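> Can you keep this structure in mind? I'll have questions shortly.
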Amino acid sequence: MDDDIESASLGVYQDRQRTFPDMRSKVNTPLIFRILMGINIRVLLVLLLFAFGLIFYVGARTSPIIVFVFSVCIVSFCFSIYLTKWVLSKDEGPPEMAQISEAIRDGAEGFFRTQYSTISKMAMLLAVVILCIYLFRSTTPQQESSGIGRSTTAYITVAAFLLGALCSGIAGYVGMWVSVRANVRVSSAARRSAREALQIAVRAGGFSAIVVVGMAVIGIAILYASFHVWLDVGSPGSTKVTDLPLLLVGYGFGASFVALFAQLGGGIYTKAADVGADLVGKVEQGIPEDDPRNPAVIADLVGDNVGDCAARGADLFESIAAEIISAMILGGTMAQRCKIEDPSGFILFPLVVHSFDLVISSIGILSIRRGTRESGVKSPVEDPMTILQRGYSVTIVLAVITFGVSTRWLLHTEQAPSAWFNFALCGLVGIITAYIFVWITKYYTDYKHEPVRSLALSSSTGHGTNIIAGVSLGLESTALPVLVISVSIVSAFWLGRTSGLVDEDGNPTGGLFGTAVATMGMLSTAAYVLTMDMFGPIADNAGGIVEMSQQPESVREITDLLDAVGNTTKATTKGFAIGSAALASFLLFSAYMDEVATFAHEPFNQVDIAIPEVFVGGLLGSMLIYLFSAWACSAVGRTAQEVVKEVRKQFLERPGIMDYTEKPEYGRCVAIVASASLREMIKPGALAIISPMAVGFLFRILGHYTGQPLLGAKVVAAMLMFATVSGILMALFLNTAGGAWDNAKKYIETGVLGGKGSDSHKAAVTGDTVGDPFKDTAGPSLHVLIKMLATITLVMAPIFL
């Protein structure tokens, strides 16, 4: 690993010699991509045509809806190729810019390869555990009647888990691959105009977003269609189509598993480097951010890619996969209870919604154009945030239209002719919820609004008041999102419940599916939201390249403007992700209760927290959130201490660094954060995986001896419930407080309250340093943790009974 990491060190220091030698000493491209690139182009085309033909054949045997989904995904992948070619056709600027970008690319790809090698080994170990559990678990009556034995279920679940993990890893690599190539092109474009730089950053982020969402959709569609054909669904005595979604749970668990470790490792890497660089560089030495004299600057820029791009790609992939699978399960369950003749529309509805998401988000991305006029340096033609919001508004409007079309097409049934309209309203509730979430997070993290300006003002009276103000802002910011989530869940539930769909006894059954439809509505613009999120780290990297290559101040002003907007878009995306995690976890919790009822052969509709053991399970769930957050933040702190010591050591041993007569040894800091982040991500990740299994198994044994056969399942349900509530609130606090601290610093750097180097600025840097592990390590990891807890309990349900 050290060989991979050390390759990121820069050569001759550039203030006197503005050249950087080629750093690449080892190919860091993943093996699967190297194999594909080594195949003759004609052979590759033949293989692709064969694969597409096979996919469409399987899809045609399954459902016309699946064929539609496959078609949209493939067209979207073609569109992403167009975006890639468009971005890569832009110039990389002067040689020093390209060579700095090359060093960042080497460090990012080297760490990615090492990190995912570690994650893959853990995934294989967990796959063996899942296989053993499923080989010895009991079977459901539905599985017995359809002839699916334990071994078949075990191998299906393990295969789905490994495929989900593989696709999640590819999604992360795609996010990083584009960011390390687009950053220098944004830097070069910033020498000409802010609008051109904005367009390149958005289209680069759009490429990653389209691929990530498309992979999540087509991966689940291929699994569903393959199982449909393999198990001969629909023939007498075979598996029912309503039971198929439960076979996909392993896919969501695999995606969650990889996303959690990617977010932890990447978050520890990026924030440890950032904290170390800021504390010594800005506070102690008084040099600007991303100054080439800072020995930790390359590690910081590498961290933007492995933490904010690779990890976020895997994160959103997991969010979409979990939401689709949970909605498919609930749709199938409801269709079965209502005796709907053709339930495929209710089951495949989530795939169609996200297929339309690819189309409308592509239109939203293309709506951001360079324009006929170029923005000036001092007074840009238009605020970049306004341009991004306009694209989001276009996407929202199209989402409302396509959602209505989807519900009328797939959810119309003769049993309840007006049900589709109720479900369309549920989707509208979700879309409105997403928009409000974005607005709330923007209000609390954008320095154009009062909360961040008040936080900046508190910096004028010292470091302590800045910390107090930031903590109080983060705590306050949890109120509005919780109210919005509460209203949306209740509204969607009652819209679904009053849809007219009833079971055999005449009881309304559409409530939970209404909530599922609202979740789909919230994520119906996911590709565009991820585009805005990817925009942030690309712009941040571009600013670092501009600073290191010593471009004119006017160019840095443009990248600073884009960076400030990027901080806001990253914060709004995290708020969006937390909201969707809350709704998706509610759906997975309902699916877990149905799964337990199926295996236990008795109803399991409620959890009584008045039972002492169940209440203890809830306490353990809340404790898990706080302990996980503490370990994630302390991991950043310990790694940052190592960086601080190394940077101080280099400034002490090489005094010529400050007057440009000596160059820093960048590779040392890169190696430190890389090895430490891989080491530190294991403990909190293992806590998240082992805790629910250990708690459920122990209370299962206790229940066996106390005559409570479902005690283990009830305790785990309470643990999941309390962890979800605590995790949502904690993640909202951490993400918003961290984003506000960051933009309060950016606001002061615009020249207010004394500007850069002032006492207010130093206090703001302290606040930003405290907020770094909040917003980029613990906070994002928490909403992944919430969904992973839900999927792991669903997959491991048999060991709790």
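The values are calculated or read from the model by the stated rules, or taken from the named source; none is laboratory data. Note that this is a predicted model, so its numbers are computed, not measured. Heads up, the Cβs are rebuilt from the backbone with ideal geometry, glycines too, and the neighbour counts pull from every protein chain shown. Accessible surface is based on the protein model in full, side chains and every heavy atom, while ligands, DNA and RNA are left aside. Shrake-Rupley method; radii C 1.70, N 1.55, O 1.52, S 1.80 Å.
> Name the pairs: first residue in the stretch 381-405 and in contact (Cβ under 8 Å) with a residue 60 or more places away in the chain and open to solvent by less than 30 Å² (accessible area, probe 1.4 Å), second residue of a type in the set (Asp, Glu) and in a helix (DSSP H, G or I), Cβ to Cβ under 8 Å, at least 6 apart or on different chains?
Short answer, once both residue conditions are applied: Ala399/Asp357.
> Let me ask something additional. Which residue out of Leu782, Leu801, Leu794, Leu732 is at pLDDT 85 or above, more than 14 Å from Ala571 (Cβ to Cβ) and not hydroxyl-bearing (Ser, Thr, Tyr)?
Sole residue among the options that is at pLDDT 85 or above, more than 14 Å from Ala571 (Cβ to Cβ) and not hydroxyl-bearing (Ser, Thr, Tyr): Leu782.
> Is it the case that the stretch 66-79 has a residue that's open to solvent by less than 20 Å² (accessible area, probe 1.4 Å), modelled with pLDDT of 85 or more, of a type outside the set (D, E, K, R) and within 28 Å of Val546 (Cβ to Cβ)?
no
> In the stretch 54-104, which residues are under 17 Å from Ile220 (Cβ atoms), part of a helix (DSSP H, G or I) and among the polar types (S, T, N, Q)?
Thr62, Ser71, Ser76 - these are the residues of the stretch 54-104 that are under 17 Å from Ile220 (Cβ atoms), part of a helix (DSSP H, G or I) and among the polar types (S, T, N, Q).
> Can you find a residue in the stretch 163-171 that is β-branched (Val, Ile, Thr), more than 30 Å from Leu561 (Cα to Cα), open to solvent by 10 Å² or more (accessible area, probe 1.4 Å) and modelled with pLDDT under 90?
yes
> Being assigned to a helix (DSSP H, G or I) and closer than 28 Å to Phe207 by Cα narrows it down to one of Ala518, Ala492, Ala456, Ala469, so name that one.
Result of the check over Ala518, Ala492, Ala456, Ala469: Ala518.
> Which residue is nearest to Gly266 (Cα to Cα), if the candidates are limited to the stretch 119-134 and must be of a type outside the set (A, V, I, L, M, F, W, C) and open to solvent by 40 Å² or more (accessible area, probe 1.4 Å)?
Ser120
> Working carefully through the options Ile432, Ile489, find the one that is touching a Ser or Thr at 6+ places or on another chain (Cβ under 7 Å) and open to solvent by 30 Å² or more (accessible area, probe 1.4 Å).
Ile489
> So, one more: Pick from the stretch 495-513 the residues that are part of a loop (DSSP other than H, G, I, E, B) and out of contact with any Lys or Arg (no Cβ under 9 Å at 6 or more places or on another chain): which of them is most open to solvent (accessible area, probe 1.4 Å)?
Asp505
> In a helix (DSSP H, G or I) and polar (S, T, N, Q) - does that describe any residue in the stretch 184-191?
Yes.
> Just one of Ile792, Ile786 is within 16 Å of the chain's Cα centre (by Cα), over 15 Å from Gly267 (Cβ atoms) and of a type outside the set (Ser, Thr, Tyr); which is it?
So the residue among Ile792, Ile786 that is within 16 Å of the chain's Cα centre (by Cα), over 15 Å from Gly267 (Cβ atoms) and of a type outside the set (Ser, Thr, Tyr) is Ile786.
> So which pairs qualify, if the first residue must be in the stretch 270-289 and closer than 13 Å to Arg638 by Cα and in contact (Cβ under 8 Å) with a residue 24 or more places away in the chain, the second must be open to solvent by 10 Å² or more (accessible area, probe 1.4 Å) and of a type in the set (A, V, I, L, M, F, W, C), the Cβ gap must be under 6 Å, and the two must be at least 6 apart or on different chains?
Between residues of the stretch 270-289 that are closer than 13 Å to Arg638 by Cα and in contact (Cβ under 8 Å) with a residue 24 or more places away in the chain and residues that are open to solvent by 10 Å² or more (accessible area, probe 1.4 Å) and of a type in the set (A, V, I, L, M, F, W, C), the close pairs are Gly276/Val644.
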